[in-house]
Structures are given as structure tokens and as C-alpha cells.
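Only one structure is covered here, and it is reproduced in the block below.
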Amino acid sequence: MEPYHDLNHQLPPDDVAAIDELGKTYQAFRTELGKAIVGQDIVIEQLAICLFARGHALLMGVPGLAKTLLVSSVAQTFDLSFNRIQFTPDLMPADITGTDIIQESGVGGKREFEFIKGPVFANIVLADEINRAPAKTQSAMLEAMQENKVTVLGNTYTLLPPFFVLATQNPIEQEGTYPLPEAQLDRFMFLIEVGYPSANEEKEIARATTGSARQALNHLLDGEKVIAFQQLVRRVPVPEHLYDYAVKIVRKTRPGEPESPQWIKDTVGWGAGPRAVQYLILGAKSRAALRGAYMASLEDLEAIAPAVLTHRVITNFSAESQGMTSKKIVERLIKEMRDE
């Protein structure tokens, strides 16, 4: 997409130059990730959109699709600290947040409590198989996501920005898991589906991973620059009709609303909440900026709508009996709005 201007939404010259810089940085980022990751172009784009929109993402995919490698490569490319937490049924909140331990101060042998930071104190945190941990541990992770801080034994510790959580779930294995409640799923900006590679990509993966050592990735951005770009994304203009579209599509997902189609009332138990409208607008802004555009467009909003809405649309028994998934419902809704 070529950068474009709108006479009613002119950006200051400094912001125009910054968007041009962000667009070039994003292309370099994709090229750099190509040294470590084969394919997954849509996944990479959605991760970048989330990161610069200051959101968190839930990755859904079977094991072996390089989710961990992708996230660690993003952290390395952006010169950000990275920690991976493997969630298990015996994982405790303190294993994530950290805890106080007694240390000898060296002054008269006096002992004092010292806080030892947990793995959540990083710029990018991969919460691997988050649905394997019990609710108390999940809530500690989600508090960090929502509040950008953790509370340990009554003391509050701030997580320094940028702070980005990527959680993964395994869709094929449900034994010994604690599924995330809908209210917790709503904390994630995007649900990103990681699919199988194509035949050619799979051949290239085999070639790349069974040969010599991988190439080192170059650092493109530091934390301070990432924060500056996140602030820039918030300033990207949005035409009034996009706000109308975002509100309209979200309200149509709710079976109790009068504007909701009859087929939604028949297949949906619960629709998306107000946070979905916010993330639709933020996602459209971020996608536009990454592509070097100076204003969000309907194309940007439609492109990110499935990732925002799918995990917020809860189907009922009637939908399940018809084979209607949340993904299919969102896709149909977008198509119907396009045809109106």
C-alpha cells in the first residue's frame, strides 16, 4: 500500500517522517525475521501490529510450529529482554512474579527480605501453554498484563515498558488443562492462529534446521524507540466512518441488540464487549502505520477484525450442532457488512 494523505487528517511533518521511518523499519524487521522463520507472514504482521499497538496476543497452534522461536526472534530483533515461562499444573504465582527471600545484610549479621524478580520482569514474555496452570497462577499473569505491575506480599512492583505478553494454547490437547475464562480471553488484543506451513515452506524448514548454525539476527530497535513508535501509532488519524464501522460490527455480534441479524441471535450466546471496539481502532491504526500510511483505512480495520473478534464471540449449542465456529461467524459478518 502506498502512503497517502487526507486533507482533513493531516499529520504534523515530524509524525509523517516518523511513519515513513516505521514503515521502513517494519520491512527490515520482516527481512531480518526471514533469517530464522520460514513463512508465517500473516502471523508476523499480526504480532507486529499488537506490539506497536501496545496490546497482548494469544497464539493458537499445534506444537512444533516455531511459536517459541518466533517470539524469541522478535525480542532479539528489537533488542528487548525475553523470558519464556512454561506453564504447568504445579506452577505457582510466585514462580512468575518473583518472591521475597531472607538475605544477610552484612551489617552485624542482620537479616533482611530482598525481592527476587520473576520471569515476568522482561520486555517480551512468552507464556507457553497458559491454560495448563490453575486459575490463581493465570490471574497473576493477567494482572501483570492489565496493570503493568505485580503485587507480592503487599508490595507493588512496576513492569518497565515496553511490556508485551504472548500466550500460547494447544488446541488439540484438553486433558489436564484449565481453559481461560471468557473474561480473561478478553484481555488479549489478538487471537493469532498459527497454521501448518505449505509444502515448499516445510521443505525449506527441513533444509534450514538440519544444516549449519543459524544466522545471527541484527538489532533494529531498542526499547526507547519501540515506545516512541507505540506513541506514534496512537496519533494516527482515523476517519469518522471507521469509528461507526467498529461500533456497528461489535454491536452486531451481540444477540441481545436490535441491530443484530437473526442468524447471530440463533448461533451466538455472548458477543464482543467495548474493549473490542478499542482494539479494532488501535489495530487499524497500527497496521496503517506499519504499511507507511498516514491514516487508517477500512481495509486495515477489516484485515484485523477476525483476530480481534474471534475469541470474543461465544457460540451456543445450536451453532456447534451446525458446525458454525466463532471464526466462521466473524467472517460472515464482515462479508455481510461489506455487501451492505
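The values are calculated or read from the model by the stated rules, or taken from the named source; none is laboratory data. Note that the coordinates shown come from a computational prediction; the quantities given were computed from them, not determined experimentally. Quick reminder, even Gly has a Cβ in these numbers, built from the backbone with ideal geometry, and neighbours come from all protein chains shown.
Here are some notes:
- Among the residues of the range 51-69, those identified as under 12 Å from residue 124 (Cα atoms) and crowded, with 20+ Cβ neighbours inside 10 Å are 51, 54, 55, 56, 57.
- From 21, 32, residue being charged (D, E, K, R) and either crowded, with 18+ Cβ neighbours inside 10 Å or in contact with an Asp or Glu (Cβ under 8 Å, 6 or more places away or on another chain) (or both): 32
- The set of residues in the range 309-329 being assigned to a loop (DSSP other than H, G, I, E, B), among the aliphatic types (A, V, I, L, M) and more than 12 Å from residue 270 (Cα to Cα) consists of 324 alone.
- Failed item in (1) assigned to a helix (DSSP H, G or I); (2) of a type in the set (A, V, I, L, M, F, W, C); (3) farther than 22 Å from residue 42 by Cα, with residue 216 passing the rest: (1)
- Scanning the range 298-322 for residues that are without any contact (Cβ under 8 Å) to a residue 24 or more places away in the chain and of a type outside the set (D, E, K, R) turns up 303, 317, 321.
- Hey, residue 274 free of Cβ contacts under 8 Å to residues at least 40 places away in the same chain, within 30 Å of residue 10 (Cα to Cα), of a type outside the set (Gly, Ala, Ser) and in contact with an Asp or Glu (Cβ under 9 Å, 6 or more places away or on another chain) or not: no
- Going through (1) without any contact (Cβ under 8 Å) to a residue 40 or more places away in the chain; (2) part of a helix (DSSP H, G or I); (3) surrounded by 14 or more Cβ atoms within 10 Å (Cβ to Cβ) one by one, residue 244 falls short only on (3).
- Check on residue 121, surrounded by 21 or more Cβ atoms within 10 Å (Cβ to Cβ), modelled with pLDDT of 85 or more and not hydroxyl-bearing (Ser, Thr, Tyr): no
- Residue that is over 17 Å from residue 47 (Cα atoms) and either touching a Lys or Arg at 6+ places or on another chain (Cβ under 8 Å) or part of a loop (DSSP other than H, G, I, E, B) (or both), where the choices are 255, 306: 255
- Residues of the range 267-315 that turn out to be out of contact with any Gly (no Cβ under 9 Å at 6 or more places or on another chain), over 13 Å from residue 246 (Cα atoms) and surrounded by 19 or more Cβ atoms within 10 Å (Cβ to Cβ), as a count: 8
- Residue among 249, 281, 264 that is at pLDDT below 95 and among the aliphatic types (A, V, I, L, M): 264
- Selected residue (only one of 253, 325 is among the hydroxyl-bearing types (Ser, Thr, Tyr), closer than 20 Å to residue 190 by Cα, surrounded by 14 or more Cβ atoms within 10 Å (Cβ to Cβ) and touching a residue at least 60 places away in the same chain (Cβ under 8 Å)): 253
- Only one entry in 135, 208 is within 23 Å of residue 27 (Cα to Cα), out of contact with any helix residue (DSSP H, G or I) (no Cβ under 8 Å at 6 or more places or on another chain) and among the hydrophobic types (A, V, I, L, M, F, W, C), namely 208.
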